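Contents: one structure, followed by commentary.
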Amino acid sequence: MKTVTTSQAPTNYNEAVKQAYLAILKAKQLLAAVEEEPLRYTLVREEKKPIVNGTIVHELISPLLYLRLECYANDELAIHYGFELSPAFGPYYSITASFVRMIYKLTMHEEGKPNIESCIRTDYVINECSGLYEYIEERGCKHHRFEQVKYKAAKRKLRKVA
């Protein structure tokens, strides 16, 4: 992801939000354990222009997860997220639950760091990621590119037998 520069000098707040976003973005590796290839495809959007109010800086859409870094008023960065709620995706609830826990863990206030808890925006939360993914795919992906997360079989821990 390119360096985020806003019309004003970058702030500690924006830098902390960006770092949290990049850490959360690593959650796409949760998809590596999904055997079904179509569920490991993602659509990625990165803005190359100057970042101003309303700019989508980065966006990740998969049939299971949604994550967006966006520039809001006063040139502050904010994070939107979503996850698939469909019962058909029940076997993947552990992935979506881990994703949500990661978001809040990485953005909670810690002593000595800028308080970025307000960067999580819930004015909308995507709960039909698969529908959004299909919609953008059908419209030709003007702003997005396809990326596939490589499959990595989950390693099982062996238990000692008495």
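Values in this text are rule-based calculations from the coordinates and carry no lab data. From a predicted model like this one, the values you see are computed outputs, not experimental measurements. Don't worry about glycine lacking a Cβ; one is built from the backbone with ideal geometry, like all the others, and counts go over all protein chains shown.
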The chain: most fluctuating residue of Ala16, Ala27, Ala97 per GNM, C-alpha cutoff 10 Å: Ala97
Geometric extent, Cα atoms of the chain - Rg, Dmax (angstrom): 17.0, 65
Distance from segment 60-80 to segment 113-139 (C-alpha centre basis), Å: 6
Fraction of beta bridges assigned by DSSP in the chain that are antiparallel (%, nearest 5): 85
Normalised contact order of segment 68-146, rounded percent, pairs of Cα under 8 Å and 6 or more residues apart: 35
Charge context of Phe83, other residues only, Cβ under 14 angstrom, K/R +1, D/E -1: +1
Where trypsin sites (Lys or Arg not before Pro) in DSSP loops with at most 15 other Cβ within 10 Å are excluded, longest remaining stretch of the chain: 49-120
Max mean-square fluctuation residue, GNM over the chain, Cα-Cα springs under 10 Å, options Glu111, Glu46, Glu128: Glu111
Net charge, Asn12 excluded, C-beta distance under 12 Å - Lys, Arg +1, Asp, Glu -1: 0
Whichever aspartates and glutamates have a C-alpha closer than 17 Å to that of Lys152, once near sequence neighbours (fewer than 8 apart) are set aside: Glu35, Glu36, Glu37
